[in-house]
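What follows is calculated from the coordinates using simple rules that are stated; it is not laboratory data. All figures in this text were calculated on a predicted structure; none of them were measured in a lab. So basically every Cβ, Gly included, is an ideal-geometry build from the backbone, and we count neighbours across all protein chains shown.
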Amino acid sequence: MRRAGFERPLLAGVALLLGAVQAAARSGPTQTAEARGDSLMRAFRTEAAVDAYRAGLAAAPSDVDLLWKTSRALLNLADERPGKEGDEDLYGEAVELARRVVREAPESARAHAPLAAALGKLALFRGGKRKVELAREVQAAAELAGRLDPDAFAAFV
């Protein structure tokens, strides 16, 4: 039996509805925290941006954008502070968040680029054999990010 041809419009409507549901799921506190963090980063208020991103992660711990942006902001914060006190902890947290991004979005360059950067920074605090292991991991993450998107590190400059 031939149908009346309403399948395409119905499927298009369902697709639009799904898109709206996904956008709504990402709205509210998560989207607000991300927008605030982004604004604070542009204003060079990195510590406040980290706090905003962390607030968003509290509401959505698997949000890929919040994970990589928080990781990046932690790296920036450590670089901005005078001396090295507290840097190791910030780098460790950045690595943890970057590893979560890779688990959530393994095919995203935005997942692997922060991991490479965070591991490289953390390696500065490690010695001997561990530093070599981290260097290999940095290389693998950086190469993968570069293959996935040659502009992957643009967010880190």
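Numbers for the structure displayed
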item: Additional length obtainable on full extension of the chain from VAL132 to ARG45, 0.36 nm per residue less Cα span; result: 27.9 nm
item: Cα-centre dipole for segment 42-157 with unit charges at Cβ (Lys and Arg positive, Asp and Glu negative), debye to 20; result: 240
item: Positive minus negative residues near ASP87 (Lys, Arg vs Asp, Glu; Cβ under 10 Å); result: -1
item: Karplus (6.51, -1.76, 1.60) ³J(HN,Hα), θ = phi - 60°, over segment 50-65, in Hz, Gly and Pro reported as x; result: 4, 4, 5, 5, 4, 4, x, 5, 5, 7, 9, x, 10, 5, 4, 5
item: Dipole of segment 67-153, positive direction: furthest Cα of LEU144, PRO114, ASN76, with charges on the beta-carbon; result: LEU144
